[in-house]
Amino acid sequence: MAKQRVAVLISGRGSNMMALIEAAKEPSYPAEIVLVVSNQPDAAGLALAQGEGVPSAIVDHRPYGKDRAAFERLLQDTLEEHRVELVCLAGFMRLLTPGFVLRWHGRMLNIHPSLLPLFPGLDPHGQALQAGVKISGATVHFVIPEADAGPIVAQAAVAVCESDSAETLAERVLAVEHRLYPLALALVAGGRVQMVGNRCRVDGAHHDVDAALIVPEI
Ligand code: GRF
């Protein structure tokens, strides 16, 4: 099967982007990262992508002001130029219009650092601490017009510690994000994920059904 051509969209640090680039170096990985796009000209991730020899593009949203459609036309053209088949949002801090999202329906993924549908939007770790949950984590999902929602491909759980701040929790969740996103992309690019309504069915999914993360352990 031909490798799926993937673009990673970023706005900043790009650590998830790097995890995807690293994973895609494996010859048997079903996707290749053919493009990194940033809407922020000074995103740190751009230099990382360049260092890896991955083509990158800046599609700056600012000249377009409130005209999201015009910004997205340029984004779409850039993706088409590189014959992109799948899009991975990785810390991409722009809301996309329903028109753009629906165009990429079933072909665009996002990672969010909470166990969705809990704590969508800004400051998910602060929200998790505020709610007092004992377990949080990360979610990779297909993108739908509603932000931080859509059929869930894969999730990873992390224990919340008594002493956690939003920063320490974010750090531990980020470490599992870097394992989760490459796994989820491999499943999607490998044709193993079927969207059924608002859910995903994953072919050949296996896990230890008896394994439980119990917090706290006493
Ligand atoms: C990650 O926590 C991701 O889940 C969220 O934004 C952060 C991006 O970090 N959407 P990075 O740019 O991938 O390092």
> Could you list, in sequence order, the residues of the stretch 36-57 that are of a type in the set (S, T, N, Q) and either free of Cβ contacts under 8 Å to residues at least 12 places away in the same chain or part of a strand (DSSP E or B) (or both)?
Replying inline: Ser38, Gln50, Ser56
>> I need a count of the residues in the stretch 28-56 that are surrounded by 18 or more Cβ atoms within 10 Å (Cβ to Cβ), within 19 Å of Gly12 (Cα to Cα) and out of contact with any Phe, Trp or Tyr (no Cβ under 8 Å at 6 or more places or on another chain).
In response: 14
> Inside the stretch 1-27, can you point out the residues that are of a type in the set (A, V, I, L, M) and crowded, with 18+ Cβ neighbours inside 10 Å?
Replying inline: Val6, Ala7, Val8, Leu9, Ile10, Met17, Met18, Ala19, Leu20, Ile21, Ala23, Ala24
>> Being charged (D, E, K, R) and within 19 Å of His141 (Cα to Cα) narrows it down to one residue among Glu72, Glu85, Glu80; which is it?
In response: Glu85
>> For the stretch 120-149, give me the residue count where each residue is on the phi > 0 side of the Ramachandran plot and surrounded by 23 or more Cβ atoms within 10 Å (Cβ to Cβ).
In response: 1
> Which residue pairs have Cβ atoms closer than 7 Å, lie 6 or more positions apart in sequence or on different chains, and pair a first residue in the stretch 68-94 that is free of Cβ contacts under 8 Å to residues at least 12 places away in the same chain with a second residue that is of a type outside the set (S, T, N, Q)?
Replying inline: Ala70/Tyr64
> Within the stretch 121-147, how many residues are in contact with a strand residue (DSSP E or B) (Cβ under 6 Å, 6 or more places away or on another chain) and farther than 14 Å from Arg199 by Cα?
Replying inline: 5
> When only residues in the stretch 24-34 that are farther than 17 Å from Asn110 by Cβ and not hydroxyl-bearing (Ser, Thr, Tyr) count, which is farthest from the ligand (Cβ to nearest atom)?
Replying inline: Pro27
> How many residues does the stretch 116-142 contain that are within 13 Å of the chain's Cα centre (by Cα) and more than 12 Å from the ligand (Cβ to nearest atom)?
Replying inline: 1
> In the set Ser38, Ser11, which member is closer than 18 Å to Glu177 by Cα, within 13 Å of the ligand (Cβ to nearest atom) and not charged (D, E, K, R)?
Replying inline: Ser11
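Need at least 2 residues that are closer than 19 Å to Ala7 by Cβ and not basic (Lys, Arg) per element, so show me which strands (runs of 3 or more DSSP E) inside the stretch 92-198 make the cut, counting only ones lying wholly within it.
On the way: elements: 108-112, 135-142, 152-159, 193-196.
Those strands (runs of 3 or more DSSP E) span 108-112, 135-142.
Being more than 17 Å from Leu180 (Cα to Cα), away from the ligand (no atom under 16 Å from the Cβ), charged (D, E, K, R) and not in a loop (DSSP other than H, G, I, E, B) is the requirement here; does Asp60 meet it?
When the stated conditions are applied, Asp60 does not pass them.
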> Out of the stretch 145-170, which residues are away from the ligand (no atom under 13 Å from the Cβ) and farther than 18 Å from Tyr181 by Cβ?
Replying inline: Pro145, Glu146, Ala159, Val160, Cys161, Glu162, Ser163, Asp164, Ser165, Thr168
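No value in this document is a laboratory result; all are computed from the given coordinates. Source: prediction; values computed, not measured. Note that we place each Cβ from the backbone using ideal geometry, even for glycine, and neighbour counts take in every protein chain shown.
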